[in-house]
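A.B. asks: Here it is, the structure in full.
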Amino acid sequence: MTAVQPSGGEWFDQDAGPVVRPYALTGGLTRPSGQRFDLLDMVRAVRQAAEHLPYLTPEQAELLQRCRMPVPLADLAADLDLPVGVIRILVSDLRERGLVTIHRASPPGFTDLKILQEVVDGLRRL
Amino acid sequence: MVYGVYEDEATAADMPITIKILVAGGFGAGKTTLVGSVSEIRPLRTEETLSDRSEQVDSLYGVEQKSTTTVAMDFGRITIRGDLVVYLFGTPGQRRFWFMWDDLACGALGAVVMADERRLADCFPSVDYFEDNGIPFIVAVNCFDGTQRHSLESITQALNLAARVPVIACDARSRDSCRNVLVTLAEHAIARHRDPPAPRVHLVS
C-alpha cells in the first residue's frame with residue numbers, strides 16, 4: 001500500500017483527517033458514564049426507541065437503527081466508521097436515556113466445549 | 001476489569017454467541033494480511049503513514065517496503081452459523097499501544113502470535129503477555145516468500161515456549177493456510193481447557 005504524498009506539506013480530503021472532531025459527535029462528552037463496555041458486548045434498541053429518532057443526533061439515530069437486532073459494539077464502530085471510544089460514549093448516552101440495552105458478552109470459550117467444537121468444525125469448513 | 005450487572009439479563013438467552021480471537025505480533029509480521037485472508041468483512045483499517053518521527057520509534061529493518069503501519073486494530077468477522085460468530089482483532093504490535101491490550105484480551109478464546117523469522121524478537125512481548133495472562137496462544141511463522149529459514153523446533157527454543165504451545169508455518173496471504181492457523185488455535189484452546197496448565201510460580205528471592 002502506498003501513501004499519497006501531499007505536495008508542499010498540505011493535506012487534502014481524507015488525508016487531512018476527520019473534518020468533525022470526535023468530541024463534536026459526542027456532545028462534548030469525553031468518557032462514557034457507568035461501567036466500561038467490552039468490544040463484543042451486545043447493543044439492542046428498545047422497542048419504543050423509534051419514537052425518539054427525530055430528537056437524536058444523526059450518529060445516534062443511525063446507531064439506534066442498526067441495533068434493532070443485537071449488535072456488538074465493535075461492529076457498530078466498524079459500520080459507522082467511528083472510533084470505538086466515540087461509540088462507547090454514544091451508546092452509553094443512549095442507554096442512560098433508556099433507548100438501548102447492553103448485554104454483556106459471555107465468551108463461552110472457557111466453559112462450553114460443545115460450542116468450541118462447533119467453532120472448530122465451522123472454521124474447517126471455511 | 002469490573003463489570004456491573006447489565007439490564008435485561010433475562011433475555012440474554014437469545015443473544016448471539018460471540019468468540020473473540022486476537023492476532024498479535026510484531027510490526028509488519030502479517031497480522032492485517034491474515035485477518036483479511038479469512039474474514040467476511042474488510043478489516044477496519046486505520047493505518048498511518050510512517051513519518052520520519054515514527055521511524056525513530058519503529059525499527060524498519062527487514063520491512064523497508066512497508067510505508068504505512070496499523071495504528072488501531074484490524075477487525076474481521078467469521079459467521080459460523082447465524083447466532084455463532086467469531087471476531088478477529090488484530091492487535092497493535094508496538095509497545096506504545098500496550099494500553100489497548102487488556103481491553104482486547106478480556107474474554108478472548110485465544111491468540112495467534114504472528115512471527116516474522118527475520119525479526120523473531122519482535123514477538124517476545126506478545127508471547128510474554130499471553131503467557132502471563134494465561135491466554136491460550138499459538139505461534140504462526142509467516143513465510144513471506146514461501147521459504148522457511150529455521151526449523152519450527154528452533155523457533156520454539158528461541159522463543160522459550162512451553163512444549164505444548166503449537167508453532168506452525170503459515171502464509172498469511174493464503175486463505176487455506178490462515179484457516180489452518182485458526183483451527184490449530186481453537187483445538188489448542190480446547191486441549192488447554194481439558195488439561196489446564198499448572199499455574200505459573202513466580203519465585204521471589
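Every read-out reported here was derived from the displayed coordinates using simple, explicitly stated rules and does not represent laboratory data. What you see is a predicted model, and the numbers here were worked out from it, not measured in a lab. Methodologically, a virtual Cβ is constructed for each residue, glycine included, from the backbone with ideal geometry; neighbour enumeration extends over all protein chains shown.
A.B. asks: For B:L88, A:L113, what's the fewest-to-most ordering of other Cβ within 10 Å of each Cβ?
C.D. replies: A:L113, B:L88
A.B. asks: Counting Lys +1, Arg +1, Asp -1, Glu -1, what net charge surrounds B:A186 among other residues with beta carbon under 14 Å of its beta carbon?
C.D. replies: +3
A.B. asks: Next question, about the same structure. Let me know the mean shielding of A:74-85 by other chains, meaning the per-residue number of their Cβ atoms within 10 Å of its Cβ. Show your work: numbers first, answer last.
C.D. replies: Details: counts 9, 7, 0, 4, 8, 2, 0, 2, 0, 2, 6, 0.
Average per residue, whole number: 3.
A.B. asks: What's the average, rounded to a whole number, of partner chain beta-carbon atoms within 10 Å of each residue's beta-carbon in B:103-109?
C.D. replies: 5
A.B. asks: Would you please give the FRET efficiency between B:D145 and A:R124, computed as 1/(1 + (r/R0)^6) with r the Cβ-Cβ distance and R0 = 45 Å, to the nearest 0.05?
C.D. replies: 0.95
A.B. asks: Right, another one. Can you give the mean number of other chain Cβ atoms that lie within 10 Å of the Cβ atoms in peptide A:35-48?
C.D. replies: 4
A.B. asks: Once fully extended, how much extra length lies between A:E51 and A:R36, figured as 0.36 nm per residue of separation less the alpha-carbon to alpha-carbon distance?
C.D. replies: 2.7 nm
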